[in-house]
Amino acid sequence: MEEDSRSRLGQWLNAEGIASGAITSVERLSGGTQNILFRIMIGGSGFVLRRPAIHARPEAEQTIRREALVLASLAGTPVPHPRFRGHCADKQVIGAPFLITDAVDGFNAAVGLGEAALVNPRVRRRMGLAMVEGIAAIAAIDPVAVGLADFGKLDTFIERQVPRWKKQLDSYAQFAGWPGPGGLDGAELLGTWLDAHRPRQWQRGLMHGDYHIGNVLFAPDGELTAILDWELSTLGDPLLDLGRLLAAWPDPDGSGPLSLKVEPWDSFPVRDELIAHYAACTGRAMDDFVWFEVLACYKLAIILEGTFARACAGLADTDVGERLHRGAAALNARALATLERHG
């Protein structure tokens, strides 16, 4: 962060009553392809700043506003999350809109396991179960009670899924050099299956939208300290969060469709254990879960393909784009394998 931006940010934090004094350090954090994160130290307190990427998507400003809204609404709920501190839409401060939360203690398993988790299989098992309990807590939130009644369109949520994501996939044609939707193997077949097998009943609630092991922080004993990265949160069926978790959940040998790796992986719960734990925590019938699991793969694959399309046009890192394109194809392959297992 440039010195002028750092100075203006410090003035803004003081004016908003979030902190007092001068910023003593700014550290860029790893993680995410759609946003840039900084850890800010000021007045002896730590904060995290989240802003859109340099080549941000057109909806980036709205996404930051929505994330600020949901984090503010979660205050006082059992959902572990970073405490929301403020949102700034004025680009004159640091050159982009941003939000501020408290920094949260804990380790990110995608970066490296904590010392106890490295040596204790029970801690690793607890981490997986705690992740399920995190989305069960989200599913228990009443959106109306926390001020999120207008956070998303609930009517026809199920019916809108395939057309919405197919439209997004087709929209990537605007990026020069992208090979087209036919280059993402399995997308057309999965979309057809999802449309033909929509659940007749579903549950309305808040969804995180991008729930995976790299988007949470853990305490040394394996409990969750915070669920991060709420940029894709909306209203819909919370069961889709479990689908998203399992879309990228590694197999027992540690292999998975995406490049994110956690080592050692032994002792983490397997797919069926996570599903059973979710059912026990929520009381939810899981008869239609395969549909949500396949939808999660389909949706995530299309989101990842967007970065590849932007990379084809020189608007994103080429190596990242290629890696995410391979991940998108692997997600679709996992979804097709899930359908084959379940007939």
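Here 132, 123 are screened, and the one residue that is buried (at least 19 other Cβ atoms within 10 Å of the Cβ), out of contact with any His (no Cβ under 8 Å at 6 or more places or on another chain), hydrophobic (A, V, I, L, M, F, W, C) and part of a helix (DSSP H, G or I) is 123. Taken over region 139-163, residues that are among the aliphatic types (A, V, I, L, M) and surrounded by fewer than 12 Cβ atoms within 10 Å (Cβ to Cβ) amount to 2.
When region 177-205 is limited to residues that are in a helix (DSSP H, G or I) and among the aliphatic types (A, V, I, L, M), the one that is nearest to residue 284 (Cα to Cα) turns out to be 194. On the stretch given as region 83-114, residues that are surrounded by fewer than 17 Cβ atoms within 10 Å (Cβ to Cβ) and among the aromatic types (Phe, Trp, Tyr) total 0. For region 22-118, the strands (runs of 3 or more DSSP E) that sit wholly inside it and include 2 or more residues that are of a type outside the set (A, V, I, L, M) and within 20 Å of the chain's Cα centre (by Cα) are 35-42, 45-52, 84-88, 98-102.
A quick yes/no check of all residues on (1) over 27 Å from residue 115 (Cα atoms); (2) free of Cβ contacts under 8 Å to residues at least 12 places away in the same chain; (3) of a type in the set (A, V, I, L, M):
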{"position": "161", "(1), (2), (3)": "yes, no, no"}
{"position": "177", "(1), (2), (3)": "yes, no, no"}
{"position": "229", "(1), (2), (3)": "no, no, no"}
{"position": "236", "(1), (2), (3)": "yes, no, no"}
{"position": "240", "(1), (2), (3)": "yes, no, yes"}
{"position": "245", "(1), (2), (3)": "no, no, yes"}
{"position": "249", "(1), (2), (3)": "no, no, no"}
{"position": "252", "(1), (2), (3)": "no, no, no"}
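Looking only at residues of region 247-257 that are within 21 Å of the chain's Cα centre (by Cα) and at negative phi, we find that the one that is surrounded by the fewest Cβ atoms within 10 Å (Cβ to Cβ) is 255. Right, residue 159: touching a Cys at 6+ places or on another chain (Cβ under 8 Å) and either modelled with pLDDT under 95 or not in a loop (DSSP other than H, G, I, E, B) (or both) or not? Considered against the rule, which asks whether it is touching a Cys at 6+ places or on another chain (Cβ under 8 Å) and either modelled with pLDDT under 95 or not in a loop (DSSP other than H, G, I, E, B) (or both), residue 159 comes out as no. When region 285-299 is examined, which residues are found to be surrounded by 17 or more Cβ atoms within 10 Å (Cβ to Cβ) and more than 19 Å from the chain's Cα centre (by Cα)? 288, 289, 290, 291 - these are the residues of region 285-299 that are surrounded by 17 or more Cβ atoms within 10 Å (Cβ to Cβ) and more than 19 Å from the chain's Cα centre (by Cα).
Inspect all residues belonging to region 258-272 and state whether any of them is crowded, with 19+ Cβ neighbours inside 10 Å and under 21 Å from residue 186 (Cα atoms). Scanning region 258-272, I find at least one residue that is crowded, with 19+ Cβ neighbours inside 10 Å and under 21 Å from residue 186 (Cα atoms), so the answer is yes.
Residue count for region 73-101, restricted to those that are free of Cβ contacts under 8 Å to residues at least 24 places away in the same chain and hydrophobic (A, V, I, L, M, F, W, C): 2. Criterion applied to 60, 139, 96, 145 was being of a type in the set (Gly, Ala, Ser), out of contact with any Gly (no Cβ under 6 Å at 6 or more places or on another chain) and farther than 24 Å from residue 8 by Cα, and the one residue passing it is 145.
For region 206-217, the condition holds for at least one residue, the condition being that it is part of a helix (DSSP H, G or I) and either among the small types (Gly, Ala, Ser) or farther than 20 Å from residue 80 by Cα (or both). Evaluation of residue 245 against the conditions (1) closer than 27 Å to residue 203 by Cβ; (2) modelled with pLDDT under 95 shows that the sole unmet condition is (2).
Residues in region 23-54 that are farther than 21 Å from residue 65 by Cβ and at pLDDT 90 or above: 23, 24, 25, 26, 27, 28, 39, 41, 42, 45, 46.
The requirement of being in contact (Cβ under 8 Å) with a residue 60 or more places away in the chain, over 16 Å from residue 128 (Cα atoms) and not acidic (Asp, Glu) is fulfilled nowhere in region 263-281; no residue meets it.
The values are calculated or read from the model by the stated rules, or taken from the named source; none is laboratory data. Because the structure is predicted, anything quoted here is derived from the model rather than measured. Neighbour counts run over all protein chains shown; Cβ positions are idealised from the backbone, glycine included.
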